[in-house]
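Participant: Can you keep this structure in mind? I'll have questions shortly.
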Amino acid sequence: MQLRVLIADDHPVVRQGLKQMLAAESDLTVVGEAKNGQEVIDLSRDHAWDVAIVDYNMPGKAGIELIKELRQRFPERPVLVLSMYPEDRYAVRALRAGAAGYLTKESAPEELVTAIRKVARGGRFVTPAVGERLAQELAGGDKPSHEKLSDREFQIMWMIASGKTVGDIAQQFFLSPNTVSTYRTRILRKLNLKNNAELMRYAILHDLVD
């Protein structure tokens with residue numbers, strides 16, 4: 001059976017590389033490309049696909065927000081996240097939002113192809129490391145403070161901790177600087193921190209940034 005694949009990434013080089021890689025597989029066909037979340041939604045309305053390979057961080061609607069909307073609008077279509085973010089930090093959130101699998105961009109091509117075929121059959125694709133994290137969640141116990149953040153708060157927290165300015169974040173998510181500042185205030189309050197320097201130390205301590 002021919003599997004139709006939608007590719008979503010804001011970097012043309014990444015999209016081209018994925019297309020070339022998938023072209024070598026006789027049962028996989030790329031039926032569309034998107035460079036941001038809105039294009040993914042628009043293409044999904046106009047074109048049928050069996051699996052979407054979606055970057056976690058694109059301009060505008062992206063990440064958890066995009067995964068949730070795709071699952072709400074097209075519940076029968078699996079979303080496979082391919083991200084630069086380490087899986088031990090972000091995969092569980094993506095899977096909770098409805099993603100069928102999560103891979104980093106360092107994954108081997110064969111692993112990505114295997115994941116596409118598996119989620120197209122209705123399965124889930126997780127690495128052993130992600131499976132262990134999911135098991136830990138099911139076991140319960142105390143969670144770190146950052147697990148209390150909403151998905152958007154978590155994204156903005158990560159960007160602040162990575163050294164991004166309010167302006168950078170506003171541009172990335174199509175938000176006003178005032179809205180980003182409001183998020184920042186809320187994040188600091190939830191984490192019981194006073195400023196960006198403390199936030200960066202917290203993120204490093206909990207291995208949320210490199």
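The values are calculated or read from the model by the stated rules, or taken from the named source; none is laboratory data. For clarity, every value in this text was computed on a predicted model and none was experimentally measured. Neighbour counts are summed over all protein chains in view; Cβ atoms, including those assigned to glycine, are modelled from backbone coordinates with ideal geometry.
Participant: Of all the residues that make up region 12-38, how many are farther than 20 Å from T114 by Cα and either among the β-branched types (V, I, T) or in contact with a Gly (Cβ under 9 Å, 6 or more places away or on another chain) (or both)?
Facilitator: Result for region 12-38: 4.
Participant: Something else now. So which residues in region 48-84 are touching a residue at least 24 places away in the same chain (Cβ under 8 Å), under 20 Å from T29 (Cα atoms) and among the acidic types (D, E)?
Facilitator: Within region 48-84, D50, D55 qualify.
Residues are listed down the side, and each one gets a yes or a no for (1) among the hydrophobic types (A, V, I, L, M, F, W, C); (2) part of a loop (DSSP other than H, G, I, E, B); (3) within 30 Å of S26 (Cβ to Cβ):
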| site | (1), (2), (3) |
| --- | --- |
| L95 | yes, no, yes |
| S107 | no, yes, yes |
| T114 | no, no, yes |
| I160 | yes, no, no |
| K164 | no, yes, no |
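Participant: Ok, one more. Select from region 26-67 the residues that are assigned to a loop (DSSP other than H, G, I, E, B) and among the polar types (S, T, N, Q) and write down the one among them that is surrounded by the fewest Cβ atoms within 10 Å (Cβ to Cβ). Give the derivation first.
Facilitator: Our first condition is that a residue be assigned to a loop (DSSP other than H, G, I, E, B); within region 26-67, this holds for 26-27, 35-36, 47-50, 55-62.
So of that shortlist, the ones also among the polar types (S, T, N, Q) come out as 26, 36, 57.
Working: S26: 7, N36: 19, N57: 17.
Per the stated criteria, the residue is S26.
Participant: Which number in (1) part of a helix (DSSP H, G or I); (2) free of Cβ contacts under 8 Å to residues at least 12 places away in the same chain; (3) among the hydrophobic types (A, V, I, L, M, F, W, C); (4) out of contact with any Leu (no Cβ under 8 Å at 6 or more places or on another chain) marks the one condition that L188 misses?
Facilitator: (4)
Participant: Going through D55, D10 one at a time, which residue ends up being modelled with pLDDT under 95, out of contact with any helix residue (DSSP H, G or I) (no Cβ under 9 Å at 6 or more places or on another chain) and closer than 27 Å to F173 by Cβ? Explain how you work it out, then say what you get.
Facilitator: Working: D55 fails: out of contact with any helix residue (DSSP H, G or I) (no Cβ under 9 Å at 6 or more places or on another chain).
Every option except D10 fails the conditions.
Participant: Condition test on D151, is it modelled with pLDDT of 80 or more, outside the structural domain of R96 (by TED's automatic domain parsing), over 30 Å from E111 (Cβ atoms) and among the charged types (D, E, K, R)?
Facilitator: Numbers: modelled with pLDDT of 80 or more: yes; outside the structural domain of R96 (by TED's automatic domain parsing): yes; over 30 Å from E111 (Cβ atoms): no; among the charged types (D, E, K, R): yes.
Here the answer is no, as D151 does not meet what is asked.
Participant: Sort out which residues of region 106-117 are closer than 14 Å to T127 by Cβ and touching a residue at least 40 places away in the same chain (Cβ under 8 Å), and write them in order of number.
Facilitator: Within region 106-117, just L112 meets the criteria.
Participant: Looking at the structure I just gave you, is V79 in the same structural domain as T127 (by TED's automatic domain parsing) and closer than 28 Å to M157 by Cβ? So that I can check it myself, show each step before the final result.
Facilitator: On the way: in the same structural domain as T127 (by TED's automatic domain parsing): yes; closer than 28 Å to M157 by Cβ: yes.
In short, yes.
Participant: Here is a further query. Just to be sure I understand, how many residues within region 119-128 are more than 14 Å from V81 (Cβ to Cβ) and assigned to a helix (DSSP H, G or I)?
Facilitator: Just the residues of region 119-128 that are more than 14 Å from V81 (Cβ to Cβ), to begin with: 120-123, 128.
Okay, now just the ones that are also assigned to a helix (DSSP H, G or I), so 120, 128.
Number satisfying all stated conditions: 2.
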